[in-house]
Amino acid sequence: MSEQYARGRSAEVFREGDDKVMKLFFEDYPREYAEKEYSNTKIVSELGCTSMKVYDKVEKDGRFGFIMDYVDGVSQNDMPSKNPAYIFKAGKDLARCHVTVQAKHTRELDDIRKVCADLLDDKLMDFLSDDEKVRAKKYIMSLPDDDTVLHLDFHTGNTLVDKDGSCKVIDWMTAARGNRAVEYALMEFLFSEAELFPEASEAQRKFMSIIRGSIGKQFYKEYNKLTPISAIEVDKYRLLALIFRRSWGIEFEKPYLTRKIKELIDIKCR
């Protein structure tokens, strides 16, 4: 197998020549999720959300994967080690990238309302009573339909900075369509309560825990300058964002998400 280029929660990435890479998912990673990333990446590439194209599917040692374009760049997580001053613009870059993606529209991606309503039937949501699930589903499906492209895992580890300073978004498995307030609510969670990149080194995690609040402030300011969004609108969609994130089953995040989801159902879903 060729040289490993990167490693994340779900997969390893290997170089395949000068302009391609192979993304190979871990054996215990659900095949349907990997297939979803393949199809989502094709959709968003055609829309112009990313320059990265996908090609052939592959099987290696019982692991599923696919070939895609090599994206020349450094993740925003790694940029401060190369240019310490970058921490003063990382949030702005992330916001601009966000706005560019959300300017695209499609009905080919899954509806985030339906995704979240279906997730309520997952075992990971058994902390909710049947009544809470029914009320949450009713509330979620009462929200307006929308076709804005959402990435839903839009963090500094999934944004690469190329030699010209342009940002490119990777890892589209979670992509869906819906109101952009869902993604904004997720960003508020990521900048405050989320687990910090388990694939990162201990030094990187400590560093990110210190500066993520600052990057978040940059992000909110730049995003609202480019495409203002009200706190009322974000709060309306927060339940979807937290249900979606809770479905990942990240142990560190479970207590906070469990408590907040139950609180929101009690407030929003009467």
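The values are calculated or read from the model by the stated rules, or taken from the named source; none is laboratory data. These figures come from a predicted structure and were not determined experimentally. So basically every Cβ, Gly included, is an ideal-geometry build from the backbone, and we count neighbours across all protein chains shown.
Taking the condition of being acidic (Asp, Glu) and either under 18 Å from THR100 (Cβ atoms) or not in a helix (DSSP H, G or I) (or both), how many residues in the range 26-62 meet it? Break it down into steps so the answer makes sense when it comes.
Narrowing the range 26-62 to residues acidic (Asp, Glu): 27-28, 32, 35, 37, 46, 56, 59, 61.
From the residues that got through so far, the ones that are either under 18 Å from THR100 (Cβ atoms) or not in a helix (DSSP H, G or I) (or both) too are 27-28, 46, 56, 59, 61.
Here the count works out to 6.
Suppose we filter TYR38, TYR70 for residues that are under 18 Å from the mean Cα position of the chain (by Cα) and hydroxyl-bearing (Ser, Thr, Tyr); which single one remains? Spell out how you get there, then give the answer.
Working: TYR70 fails: under 18 Å from the mean Cα position of the chain (by Cα).
It is TYR38.
Looking at MET173, MET187, can you tell me which residue is in the same structural domain as ALA85 (by TED's automatic domain parsing) and over 25 Å from ALA85 (Cα atoms)? Steps first, answer last, please.
Working: MET187 fails: over 25 Å from ALA85 (Cα atoms).
The match here is MET173.
Name the single residue that is surrounded by the most Cβ atoms within 10 Å (Cβ to Cβ) among those in the range 132-172 being of a type outside the set (A, V, I, L, M, F, W, C) and in contact with a Cys (Cβ under 6 Å, 6 or more places away or on another chain). Before you say what the answer is, go through the steps one by one.
First, pick out the residues of the range 132-172 that are of a type outside the set (A, V, I, L, M, F, W, C): 132-133, 135, 137-139, 142, 144-148, 151, 153, 155-159, 162-166, 168, 171.
Retained after the next criterion (residues that are in contact with a Cys (Cβ under 6 Å, 6 or more places away or on another chain)): 135, 139, 159.
Details: ARG135: 17, TYR139: 19, THR159: 24.
Filtering first and then ranking leaves THR159.
For the condition of a type in the set (Phe, Trp, Tyr), touching an Asp or Glu at 6+ places or on another chain (Cβ under 8 Å) and under 20 Å from GLY157 (Cα atoms), what is the one hit in PHE25, PHE14?
Numbers: PHE25 fails: touching an Asp or Glu at 6+ places or on another chain (Cβ under 8 Å).
Selected residue: PHE14, the only one of PHE25, PHE14 that is of a type in the set (Phe, Trp, Tyr), touching an Asp or Glu at 6+ places or on another chain (Cβ under 8 Å) and under 20 Å from GLY157 (Cα atoms).
Residue by residue, here is whether (1) farther than 29 Å from ASP164 by Cβ; (2) out of contact with any Lys or Arg (no Cβ under 7 Å at 6 or more places or on another chain); (3) buried (at least 16 other Cβ atoms within 10 Å of the Cβ) holds:
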| site | (1), (2), (3) |
| --- | --- |
| PHE14 | no, yes, yes |
| GLU37 | no, yes, yes |
| ASN40 | no, yes, yes |
| VAL44 | no, yes, yes |
| LYS60 | yes, yes, no |
| PHE66 | no, no, yes |
| SER81 | no, yes, no |
